[in-house]
Structures are given as C-alpha cells and as structure tokens.
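Below you'll find the structure, written out as structure tokens, and then a few comments.
The values are calculated or read from the model by the stated rules, or taken from the named source; none is laboratory data. Just so you know, these numbers come straight off a predicted model, no measurement behind them. Glycine gets a Cβ as well: all are built from the backbone with ideal geometry, and neighbour counts include every protein chain shown.
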Amino acid sequence: MSNHIKVAVIIPSYLEEENLRIIIPRLKNEMQKLGNDYEILVIDAMHAMDYTEDVCKNNNVTYLNRTNGNNYGDAVRTGIMNARGKYIIFMDADGSHSPEFINKLYQYKDDYDVVIASRYIEGGATDNNRILILMSWVVNIVYSIVLNLRCKDVSNSFKLYRGDLLRNLNLYCNNFDIVEEILFKLKKINNNLKIKEVPFSFKKRMFGETKRNLFLFMVSYIFTLIKLRFGK
Ligand SMILES: Nc1nc2c(ncn2[C@@H]2O[C@H](COP(=O)(O)OP(=O)(O)O)[C@@H](O)[C@H]2O)c(=O)[nH]1
Ligand SMILES: [Mg+2]
C-alpha cells in the first residue's frame, strides 16, 4: 500500500474542531500549490469528542480515530500506519504550525531524510511564554547531547520525513516523547541520517487551551530519555 501518493500530511488532533475549520482549507490550498498528489489524515481521539469528523468530511480529507490507546503517541502510530505518502509531514492542529510553511520543508525533501521546522536555529522563533521556552530549550539540549542527535530543535513535531523510514520503525512512546523517539531511532538505524533544519516561527495556538500537563510532560521526558539511551 505504501508510496501510492507523493505526500501525506498527518495531523494528530484532540478537540481541535474550531482550529481545523481554519487550518484544513489553508493546508489544502498549500498542498495544491505544491502540485503533487497528496492526502491529509486527521487523527482524532479514539472516540469522537466534537465535530472534527464533520469538519473533515466537509473539507474532503481523511478522518481516522486513533487505535490501541488514546494518547498522542497512539495518534502518531495510527497516522504512520495509514499514511501512503512517499513523504510524510506531521503538523499540529491548533494553528501553531502554519500550513504556509510546508513549502519550506518540502523544498529539501529530495536531499534530506528529515526536515525540521526549527525554533532554535538562527532566524527561528517562538511565541510561547518564558517558562515554556526554557523547558523546551532544556529538553532539546539534553536530548540532543545524550542521544547524540546533532540538531537544535528535537521536540517540534512539525517535520517532514521519508515515509519508508517512518514505516520501518517500531515505536513505543505514548506521549509527546514519541517525537524524540522517532528521531533517535532513525539515527540509530542510520548514523548518517541527513537532517535539515529550517528556521521557523512557532505561533501560539488559535482556539482552546493546551492540554499538555507540564509536570507530567517533564517527568515523562526524563524517563523516556533513560529508556531510549539505555534500553534496547
Ligand atoms: N495534549 C494532547 N494533544 C494531542 C493529543 N492528540 C493530539 N494532540 C494534538 O497535539 C498538538 C499539540 O498539543 P497542544 O495541546 O497544542 O500542546 P502544546 O502545543 O504544547 O500546547 C495539538 O494539535 C493537539 O490537538 C492528545 O492526546 N493530547
Ligand atoms: Mg499547541
């Protein structure tokens, strides 16, 4: 089933109906400009919690419920399992990741294995508050050093990957740490993994509140780091 489509965009989504109403038409517009065949997969909670499915139907994009669990990691795995793209792009549903930035990732697709929308290289920026910036910065430095990732923005989920590489991975992380797990495992399989970072401005979410619990987030990052570094 793989490689039937040039590019798949996967949007893990949790109570994002209002944001998707705005993001999906903008995204479709951008994908049409790129001129290749594409698919957009919105991966919702295990069971619908709002009208996200209707928004997807009205915009003619694929709506899927995540399987095997109701965490962010399950949404990512469900997305990868179902995406047919030669290239796979991940982006958030909340407006933090502008669809108009995709062409900047896309232009490096032929020469790199992973292209990262990077907040922490020169020219990049983030709208988050100081405590979040500090925490994210610490996570990124510690992860890149301990896991030898050699890039500045490990944790931003807005990335383009070669689809075949993603489909080969065995991923077990359940939360946002799956974003680091992907990079770490790609690098473990191929130490010469070609990573390109493109400067990116991260915006505050449009509607709704973050559902990320900061304390749990930090704790899970520490455990994940140990698991990835010393696990099999
Ligand atoms: N918190 C959370 N976000 C999820 C989940 N599944 C998908 N997401 C999406 O992941 C993205 C990032 O979550 P968000 O709450 O915005 O975290 P933040 O960007 O760190 O504030 C959003 O597009 C969410 O809709 C989930 O199970 N929990
Ligand atoms: Mg967000």
Scan region 6-48 for residues that are among the polar types (S, T, N, Q), within 27 Å of K86 (Cβ to Cβ) and not in a loop (DSSP other than H, G, I, E, B) and report the count. 2
Considering only residues that are of a type in the set (A, V, I, L, M, F, W, C) and more than 16 Å from ligand 2 (Cβ to nearest atom), look in region 1-20 and name the one that is modelled with the lowest pLDDT. M1
Yes or no: N70 surrounded by fewer than 19 Cβ atoms within 10 Å (Cβ to Cβ) and closer than 26 Å to L169 by Cβ? yes
Which listed residue, of N168, N213, N128, is surrounded by fewer than 19 Cβ atoms within 10 Å (Cβ to Cβ) and more than 16 Å from ligand 2 (Cβ to nearest atom): N168
Would you confirm whether any residue within region 190-202 is surrounded by 12 or more Cβ atoms within 10 Å (Cβ to Cβ), among the small types (G, A, S), within 22 Å of F101 (Cβ to Cβ) and within 16 Å of ligand 2 (Cβ to nearest atom)? yes
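This table checks each residue for (1) at pLDDT below 95; (2) not in a helix (DSSP H, G or I).
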residue: V139; (1), (2): yes, no
residue: S144; (1), (2): yes, no
residue: L149; (1), (2): yes, yes
residue: S157; (1), (2): no, yes
residue: Y161; (1), (2): no, yes
residue: L166; (1), (2): no, no
residue: N170; (1), (2): no, yes
residue: L183; (1), (2): no, no
residue: L186; (1), (2): no, no
Mind checking whether some residue in region 63-74 is modelled with pLDDT of 95 or more and away from ligand 1 (no atom under 14 Å from the Cβ)? no
From the residues in region 216-232 that are farther than 21 Å from L166 by Cβ and within 19 Å of the chain's Cα centre (by Cα), which one is surrounded by the fewest Cβ atoms within 10 Å (Cβ to Cβ)? M218
State whether the residues of region 218-229 include one that is more than 11 Å from ligand 1 (Cβ to nearest atom), in contact with a Leu (Cβ under 7 Å, 6 or more places away or on another chain), farther than 26 Å from R66 by Cα and at pLDDT below 95. yes
Qualifying residues in region 62-109 (those that are closer than 21 Å to R205 by Cβ, assigned to a loop (DSSP other than H, G, I, E, B) and of a type in the set (D, E, K, R)) - the one farthest from ligand 2 (Cβ to nearest atom): R66
What do you reckon, is T52 of a type in the set (S, T, Y) and more than 21 Å from N175 (Cβ to Cβ)? no
Condition (residue is in contact with an Asp or Glu (Cβ under 6 Å, 6 or more places away or on another chain) and either acidic (D, E) or within 16 Å of ligand 2 (Cβ to nearest atom) (or both)) applied to region 21-29: is it met by at least one residue? no
Of those in region 83-124 that are of a type in the set (A, V, I, L, M, F, W, C) and either within 12 Å of ligand 1 (Cβ to nearest atom) or modelled with pLDDT under 95 (or both), the residue farthest from I195 (Cα to Cα) is A93
